[in-house]
Amino acid sequence: MPRRDPVRDARLLQAPGDGLRDLHPRRGGRGRGLSAPGRSRVAASFAAAALLGIAGGLAVAGLAPGWDAPAPPDGSRFALLAVGDSGHRAKFSPWVTPQLAVGDGLWSSHRRDPVDYLLLLGDNFYPDGLEPGEAEARIAMNLVAPLCGFLDLSAPLGPNVEPSCGEVPDRRRPIPVRAVLGNHDWRAPESPGLQRELVPRYLANFALKEDVAWVEETAAGVSLVFFDSTPGRSPEGAAKLRDALASARGPWRVVVSHHPIEASPKGEALRGALAAAGVPVQLWLAGHDHNLQLSEPGRPGPALQVIAGAGSHPTGAKYDIPGRSFFQRTLGYARVDLVPDPAAPGSEELVVSLVAVRPVPAALWQRARVVARYAVAQGGSVRRVLQEPSDPLDSGDLEEEPYE
């Protein structure tokens, strides 16, 4: 029997035209690929969104309704954006699809102050990962529609998803897009392979490796240590994380993971791996909890843990995070900038900004804002630059939104 090729199977099973829908409000909402009832719902939603936008504009006259981005710290010479858990299906209209509001916020930040990397923190496709029968449609829906400005669609299959992009080619600013898998991305057996092998056939600047832990070095001296935490939270995975950290050149080391380090035996094993590596780890970037959080876990562990799993549906805090100092239940993302340390001439610090965005694209009157900003020195000391009040940890229903 010939060897099964999940990438080929995905193309053969793809429903014709599924990847060709106009999924972003910036395209004018032609509704291509929708049934007549679907187009009616979209038209009604657009009318409602227009009325909401007008009312909001009158209420907050003078505020730009789009492309808003809080200013990053001064002097950034390296920057990245990170978000996780953005894999929900689109709603019946792009104007009420939450991940498009997050994508607009990310793109606005990149347009105002360009970054070097976009990091996807896992659960890229709900509920069961990327499946063969809908692969092209989901790549268009969950990657191209919200993140088009970051993407290079020159790959062989890129033209198939071009109609879902809300930016003309001349306005795009492609940068490396790197991803890790989340627990939902592991559910369908084909999903990990499709995300590693098929997605780059559409997006030329997308990469996701098969290893449990791998390192990508940057010219700025920031080592990005990618960790596939679903299989990696095991003794064998912890050893691979330890070895990857020890091999990273640094002096700045940032772990990119789906799972955060929580107060559990698995979390303690990861803290042990960081201690065994024998090198400073300034940041641990994670998703999995669908909100924005910051924590200072203390030794052994990263100097600062950043949770930005707020890519498509915010929930309450589900996990016991050691040293948690900030939590908000909101959509949003994290931005990290390497900047001069104002307290130590000649030195630098990593500044993490958690940015909350509007709940849906139609909420044009609500501007993105920094809800917390912390700075980490190379030696691991942390200072709080600004911070809004945290939400109660038990705020709201902790259950997932039903997957459409």
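The values are calculated or read from the model by the stated rules, or taken from the named source; none is laboratory data. Computed from a predicted model, the values in this text were never measured in an experiment. When we count neighbours, we look across all protein chains shown, and the Cβ atoms used for this are built from the backbone with ideal geometry, even at glycine.
Scan the stretch 305-319 residue by residue and report those that are of a type outside the set (Phe, Trp, Tyr) and farther than 13 Å from residue 82 by Cβ.
The answer is 312, 313, 314, 315, 316, 317, 318.
Look at the stretch 328-355: where a residue is within 17 Å of residue 223 (Cα to Cα) and a partner is among the basic types (Lys, Arg), sitting 6+ places away or on another chain with Cβ atoms under 6 Å, you get 338/77.
So, in the stretch 349-372, exactly how many residues are charged (D, E, K, R) and surrounded by 22 or more Cβ atoms within 10 Å (Cβ to Cβ)?
Total meeting the criteria: 2.
Taking the stretch 256-296 as the search range and keeping residues that are in a loop (DSSP other than H, G, I, E, B) and in contact with a helix residue (DSSP H, G or I) (Cβ under 7 Å, 6 or more places away or on another chain), which one is surrounded by the fewest Cβ atoms within 10 Å (Cβ to Cβ)? That would be 278.
Entry remark, the stretch 325-348: residues being buried (at least 24 other Cβ atoms within 10 Å of the Cβ) and closer than 15 Å to residue 381 by Cα number 0 in total. For residue 192, indicate whether it is within 18 Å of residue 287 (Cβ to Cβ), in a helix (DSSP H, G or I) and at pLDDT 95 or above. Answer is yes for this residue. Within the stretch 168-186, the residues that satisfy the criterion of being closer than 19 Å to residue 286 by Cβ and either in a loop (DSSP other than H, G, I, E, B) or free of Cβ contacts under 8 Å to residues at least 40 places away in the same chain (or both) are 180, 181, 182, 183.
Restricting attention to the stretch 109-124, the residues that are of a type in the set (Gly, Ala, Ser) and either assigned to a helix (DSSP H, G or I) or under 16 Å from residue 77 (Cβ atoms) (or both) add up to 1. Within the option set 123, 128, 85, 113, being surrounded by fewer than 21 Cβ atoms within 10 Å (Cβ to Cβ) and within 24 Å of residue 361 (Cα to Cα) holds for one residue only, 113.
Only residues that are of a type in the set (D, E, K, R), within 20 Å of residue 147 (Cα to Cα) and assigned to a strand (DSSP E or B) were counted in the stretch 338-378, giving 1. Within the stretch 160-204, the residues that satisfy the criterion of being hydroxyl-bearing (Ser, Thr, Tyr) and under 30 Å from residue 113 (Cα atoms) are 164, 202. Taking the criterion of being among the hydrophobic types (A, V, I, L, M, F, W, C), more than 11 Å from residue 124 (Cα to Cα) and surrounded by fewer than 23 Cβ atoms within 10 Å (Cβ to Cβ), the only residue of the stretch 178-197 that qualifies is 188.
So, residue 140, is that one small (Gly, Ala, Ser), farther than 22 Å from residue 308 by Cα and outside any helix (DSSP H, G or I) or not? No: the conditions fail for residue 140.
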